[in-house]
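**Student:** Have a look at this one before I ask anything.
The values are calculated or read from the model by the stated rules, or taken from the named source; none is laboratory data. Note that the coordinates shown come from a computational prediction; the quantities given were computed from them, not determined experimentally. A quick note on method: Cβ atoms are made from the backbone with ideal geometry, for glycine too, and the neighbour counts reach across all protein chains shown.
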Amino acid sequence: MGDDIDNARASATTVRQWIREWWSRLAAGLAFATVATVTGRVSYIHIKALTLALGQPPQVAQIMPFGIDGLIVVGSIALLQAPKSQPWLGWLCVGPGAAASLFANVESEVRRGPVAAGWAGMASLGFFLATFVLERWLKGQATGAAEAASPNVQANDSEDGGGEPSPCPHSLAMTAEEGVVQAFLHIRDCLWEEPSQRKLSAAFGISRPRVAELVAPYVTAAAEPAMNGSAAGA
C-alpha cells in the first residue's frame with residue numbers, strides 16, 4: 001500500500017514537472033503557429049498578386065510565395081543547426097528571403113500609396129521576426145539543456161593564485177540520470193555549493209524521490225568521513 005502511494009506521488013510529481021518544463025514551449029509553439037499562419041497567408045496573397053501583375057502564369061504565381069517565404073524557414077533551420085565553423089550559413093537563405101518577401105509585399109500595394117505599401121510589408125516582416133525569434137529561442141533552450149546535462153569543465157585556480165589550473169574531473173553525462181549525478185558532484189566538489197535536489201529534479205525532469213535515490217550513495221559517502229572524524233575527536 002505504501003509503495004502504491006509513493007509511486008502515485010512520484011507520478012504526480014513527474015507530471016507537474018513535465019507541465020512546468022513544457023508549457024512555455026507549447027505556448028511558444030502555438031503562438032508561432034498562429035502568427036506564421038496569419039502573416040504567411042497574407043504574404044502569400046500579396047506575392048501571388050504581384051506575380052500575376054508582372055505577367056507570370058497562374059501556376060508560377062501559386063508556387064512563388066513558397067519559394068520566397070520558404071527561404072526564411074530554411075535559413076532559420078540552418079541557423080538552428082549551423083556548425084560552429086559556419087555560423088553564418090543560414091543567413092544565405094534568411095537574408096535574400098526576407099528582402100524578397102518584403103519587396104514583394106510592399107510592391108503589391110505601392111500603387112495605393114506609401115501607407116498601404118508599408119502596411120502590406122508588415123506581413124513579411126511579421127513572418128520573418130516570428131521565424132527568427134523562434135529559432136533563437138529554440139537554440140537558447142537547447143544550449144541551456146546541454147549545459148545542465150553536462151557540467152562545465154572549469155579551471156580552479158591554485159591556492160597561491162598561480163600555476164596551472166586543474167580541470168573539473170567530472171565526465172560528460174549521456175543520460176538524464178547520469179546528468180543528475182554529475183551535476184550533483186560538480187556543484188558540491190567544484191563549485192563548493194550545497195546541491196539542491198529540488199533544482200536537479202526540475203532541471204532534468206526526474207522526480208524528487210528518484211533524484212534522492214541517485215545521489216544517496218554520494219551523500220552517504222560524504223557524511224561517513226565527517227562522522228568518523230567527529231567520533232575520533234570525541
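**Student:** Here is a check on your reading of the model: is Ala36 touching a Phe, Trp or Tyr at 6+ places or on another chain (Cβ under 9 Å), modelled with pLDDT under 85, closer than 30 Å to Arg136 by Cα and outside the structural domain of Val211 (by TED's automatic domain parsing)?
**Tutor:** Here the answer is yes, as Ala36 does meet what is asked.
**Student:** Can you list residue pairs whose Cβ atoms sit under 6 Å apart, with the first residue in the range 94-120 being in the same structural domain as Leu134 (by TED's automatic domain parsing) and crowded, with 20+ Cβ neighbours inside 10 Å and the second being not in a helix (DSSP H, G or I) and not basic (Lys, Arg)? Count only pairs 6 or more apart in sequence or on different chains.
**Tutor:** Ala120/Glu109
**Student:** Still on this model: Could you tell me whether any residue of the range 204-211 is under 24 Å from the mean Cα position of the chain (by Cα) and modelled with pLDDT under 85?
**Tutor:** yes
**Student:** Could you tell me which of the residues Ala104, Ala82 is within 19 Å of the chain's Cα centre (by Cα) and not charged (D, E, K, R)?
**Tutor:** Being within 19 Å of the chain's Cα centre (by Cα) and not charged (D, E, K, R) holds for just one of Ala104, Ala82, which is Ala82.
**Student:** Is it true that some residue in the range 54-63 is touching a Lys or Arg at 6+ places or on another chain (Cβ under 7 Å) and more than 16 Å from Phe127 (Cα to Cα)?
**Tutor:** Scanning the range 54-63, I find at least one residue that is touching a Lys or Arg at 6+ places or on another chain (Cβ under 7 Å) and more than 16 Å from Phe127 (Cα to Cα), so the answer is yes.
**Student:** Would you confirm whether any residue within the range 62-69 is among the aromatic types (Phe, Trp, Tyr), loosely packed, with under 14 Cβ neighbours inside 10 Å and in a helix (DSSP H, G or I)?
**Tutor:** yes
**Student:** Are any residues in the range 72-93 of a type in the set (Ser, Thr, Tyr) and touching a residue at least 12 places away in the same chain (Cβ under 8 Å), and if so, which ones?
**Tutor:** Listed by number, the list holds a single entry, Ser76.
**Student:** Hey, another quick one. If I ask for residues that are not in a helix (DSSP H, G or I) and not charged (D, E, K, R), which ones from the range 86-113 would you list?
**Tutor:** Scanning the range 86-113 gives Gln86, Pro87, Trp88, Leu89, Gly90, Gly113.
**Student:** Within the range 178-213, count every residue that is surrounded by fewer than 20 Cβ atoms within 10 Å (Cβ to Cβ) and either part of a helix (DSSP H, G or I) or assigned by TED's automatic domain parsing to the domain that holds Trp22 (or both).
**Tutor:** Within the range 178-213, residues that are surrounded by fewer than 20 Cβ atoms within 10 Å (Cβ to Cβ) and either part of a helix (DSSP H, G or I) or assigned by TED's automatic domain parsing to the domain that holds Trp22 (or both) number 16.
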